[in-house]
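The structure under discussion appears below in the form of structure tokens.
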Amino acid sequence: MSSKDHEKAPTYTDSGDEPIVAETEAVDQGLHRSLSNRQIQWIAIGGSIGTALFVSIGWGLVEGGPGSLFLAFTLYSMILASANSCMAEMSIFFPVVGGWVRMGSKWVDESYGFMAGWILADILTLTTDADFGPRPLDFFLYEAVLIPFEISALNLVLTYWRDDIPVAAVVAGCIVLYAIINLFAVRAYGESEFWLASGKVLLIFMLFCFTFITMVGGNPKHDAYGFRYWNKPGSFAEYIHTGSLGRFEGFLGAFFQASFTIVGPEYVAMVAGEAIYPRKTIKTAFKTMYFRFGLFFILGSLCVGIVLPYDDPTLNEVLNSDAGTSTGAASPYVIAMKNLGISVLPDITNALMVTSIFSAGNSYVYCATRTLYSLSIDSHAPSFFRRTTRSGVPIYCFLFTMIFPCLAFLSVGRAASEGVKWLANITQAAQLMDYIIMCTIYIFFHRALAAQGYDRNDLPYKGWGQPYVAYAGVLFFSTVLAIYGYAVFYKANWDVGTFMTYYAMCFIDIVLYVGYKVYSRSKFVKASEADLVWDRPKIDAYEASIEPPLGLWTDIWWSVTRRKGKLLEERRREREEREV
């Protein structure tokens, strides 16, 4: 059923509960707004907490030391806040399918949107497969190709317990489960992510408690080690060179690890087109992003530097081995638990990492499907990808995306998996370019508002410090992009293949942008002509036709107790009585 077949959208429901509203005009070309407040907030949390925060963060500790790691994560959180400010204002005003990818076509240049959709990086999370190392991938191709990486990572994490688990069976099981969760309706994805993200939250708070309790002496050795490792071996490690230069390079190593680990705004923007009452639910998700930066990332980096020294022999051996960060055994927390003689807890930690990795793959299936769908809406992908099922699933986008998880079968043969690894390596720079484009689109959006006489005080959300924050974001992210592969330029390290690993995506983006611009003859959108109406009337009408969403904790409590349907039915009847 194509989007043109939708004269009216089906009744909106929340995770299978009772109907929320009566039929209203279709929103976002056939997709259904079925993600509730609790699901949106937990998807935002789950998208922020990647497996890199538990596992490959060890690279930042080894290269920079605890002091550099903490400073790097704090600084990068502040820089990423600029992109969040940009995305929040635009996405809350225009909560459309495809988010900022389509905004690039509307407000900057059609060629810009084409490039953004097909090649630019999604900053979702990192792969935890140490064979591949910490790296970002691209917005559709990135998300799609990363699915088999996460399945491979899941296989390797399972080897923490035993190494005779059939790889093919795990791959097939993941493919089937991803298909079941994503095929039937978006509410199935939202519900699964709510519970999977809950596992991530449980894991990180468990690790925070582990850090505090053990550092004050609550461990089998009764060793109140406190901040000992900040003094010995020290707060700042040397990396590549020695002395002050080596410590600065160590900071850069930790900073680049932070740039690969800290994520968030793109997750919220991606689900905005299928969120119930988006101007409220999405607004809450964006506004609490700053709190998540501080709680999860900054505090997380502090904890890692407390529980383990950067010269820990086990950590260094694991990170430099063939397994690398592919298993839970590479987690600084797991190593610290074993060093203290703690049993059982490492198994619980690894089990929760399994759910975290599965959640990441599940999210990639969803986001890759919706990205491809948004590209088809803007005629940047074949039109048949616009077809959706009655439950609002872009069926052909889904089927095409599900080709990529089959690449995980390559992990059955070691040599074949090298080809997939190479494919991942060439897209590293795309992550930073993603945020550059977000900030650039905002600059054009801000100019259009001013040119057309819009008062930003009347917007549903006004980003702080704009447009200067957007300009600063472009500057900072561009600087990081330019220097993050600096080590390859050292004479002893020069290698053409490694250079292309870091910077190939920059050249590919230029070719795509110029090529599509020549083909389409597109022009930059004038500020006075930018479409600032777009889907707003549909979204306004939709929100006017329904009750505001339940508060987050009310939503969670009534859903967990299975009484939400009754509550929503009572609200519906009260509304009908008021209207009468």
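The values are calculated or read from the model by the stated rules, or taken from the named source; none is laboratory data. Here the structure is a predicted model, which means the values were calculated and not measured. Heads up, the Cβs are rebuilt from the backbone with ideal geometry, glycines too, and the neighbour counts pull from every protein chain shown. Each accessible area value is taken on the protein alone, full model and side chains, heavy atoms only, with ligands, DNA and RNA left out. Shrake-Rupley method; radii C 1.70, N 1.55, O 1.52, S 1.80 Å.
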Checklist outcome for this item: Over the stretch 464-506, with neighbouring protein chains present, the accessible area per residue in Å² at probe 1.4 Å is 55 Å²
Item to check | Ordering of 198-209, 64-75 by burial proxy (mean other Cβ atoms within 10 Å per residue, highest first) | outcome: 64-75, 198-209
Checklist entry - Between Ala224 and Ala168, what length comes free when the chain is fully extended (0.36 nm per residue of separation minus the Cα-Cα distance, one decimal in nm)? => result 15.6 nm
Next on the checklist: Keeping every protein chain present and rolling a 1.4 Å probe, give me the accessible area per residue for the stretch 57-110 in Å².
Outcome noted: 14 Å²
Checklist outcome for this item: Across 5 Å bins beginning at 0, the whole-percent shares of Cα-Cα pair distances in the stretch 230-342 come to 2, 10, 14, 18, 17, 12, 10, 8, 6, 3, 1, 0
Checklist entry - How do the peptides 77-88, 494-505 rank, highest first, by the average count of neighbouring beta carbon atoms within 10 Å per residue? => result 77-88, 494-505
Checklist outcome for this item: In this structure, the FRET efficiency calculated for Thr554 and Ser379 from their beta-carbon separation, with R0 = 35 Å, to the nearest 0.05, is 0.25
Checklist outcome for this item: Placing each pseudo-label 7 Å from Cα in the direction of the beta carbon, Tyr454 and His241 end up separated by a distance in nanometres of 4.8 nm
Checklist entry - Of all accessible surface on the stretch 224-377 at a 1.4 Å probe, what whole percent is carbon and sulfur? => result 61 percent
Item to check | Label-point separation in nm, Trp464 to Asp347, each point 7 Å along Cα→Cβ | outcome: 4.6 nm
Item to check | By average C-beta atoms within 10 angstrom, highest first, the peptides 462-470, 449-457 | outcome: 462-470, 449-457
Item to check | Alpha-carbon Rg with Dmax, taken over the stretch 461-559, Å | outcome: 22.8, 65
Next on the checklist: Please report the net charge: other residues with Cβ closer than 14 Å to the Cβ of Gly473, K and R +1, D and E -1.
Outcome noted: -3
Checklist outcome for this item: Surrounding charge for Tyr239, neighbours by C-beta under 13 angstrom, Lys/Arg +1, Asp/Glu -1, total -3
